[in-house]
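What follows is calculated from the coordinates using simple rules that are stated; it is not laboratory data. What you are looking at is a predicted structure, and each value in this text was computed from that prediction instead of being measured. Please note: Cβ atoms are built from the backbone with ideal geometry, for glycine as well, and neighbour counts cover all protein chains shown.
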Amino acid sequence: MIDFDEKSIVAVRRTIDDQRFALFIDTDVLPYWGQRFWGVVLDTGGDGFGTHVRYGTGCTAPSGWTIHQLLCVVQTRMADEHTRAPKAGALAVLEALGDAVRQMCQSDPLGSSVSFEPGGQVSPYNWTVARCGDLLLQLCPDPESCQEGITPELVLIVVDQALKEWSERAPYLRCLWSWRNAVRDALAAEIRRLRIVRGNAPVELN
């Protein structure tokens, strides 16, 4: 598990089934970055995985996953999931993510420098590892998000929390609120998709 001072935790978010969590940490955050947290600890289902997150590439933390890159990771996974199971709910996630991409600021290209590669786990997907330079995310290899790894739901929670913090710091930027609303729609759609693939909801008919 990642070592950190509990006093540095500024927010805690959990997945819809309450089985996994994301801890947002303000360690080493500098005031002029304009963001409340930098470190994020994600529950992989077997341990905690720590990474850094920044809002963008200007006037924020100097390194870490950007919001755009994280959206690209989820979008790429959902595109593969829609190909695997067209009626299992991934299309709704993709549509909401498309809205998010259209709403977001265009200072950073979507998915800049992100690459994808196979991991060591058996998976119906061609890749389970997203990489950006020294950063990596080992995604959960199964569509149900039950095996060890970082789930798409957790990634969307991180994006939602970043946009929440950003929009509260800059409430005059209406585009941030629209962007967050689209991401929240994507998160809700991902929760519906999980219920479908886990057998807790009816399969989409169209």
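For the reader, a short list of remarks on this structure follows.
- Using only the C-alpha atoms, the convex hull of the chain corresponds to 117 Å³ per residue.
- Neighbour net charge for Asp43 - beta-carbon separation under 15 angstrom, K R +1, D E -1: -2
- Scaling against 2.2 N^0.38 Å puts the C-alpha radius of gyration of the stretch 18-127 at 1.20.
- For the stretch 81-101 and the stretch 147-163, distance of Cα centres in Å: 16 Å
- Fully extended contour minus Cα-Cα distance, from Asp47 to Ala188, at 0.36 nm per residue: 48.2 nm
- Cut-off 11 Å between beta-carbons: net charge of the residues surrounding Leu154, Lys and Arg +1, Asp and Glu -1: -1
- Neighbour-count ranking [beta-carbon atoms within 10 angstrom, fewest first] of Tyr125, Tyr55, Tyr172: Tyr172, Tyr125, Tyr55
- Global geometry of the stretch 137-201, whether rounded, prolate or oblate, following the gyration tensor of its Cα atoms and the 1.5 cut on a/c: oblate
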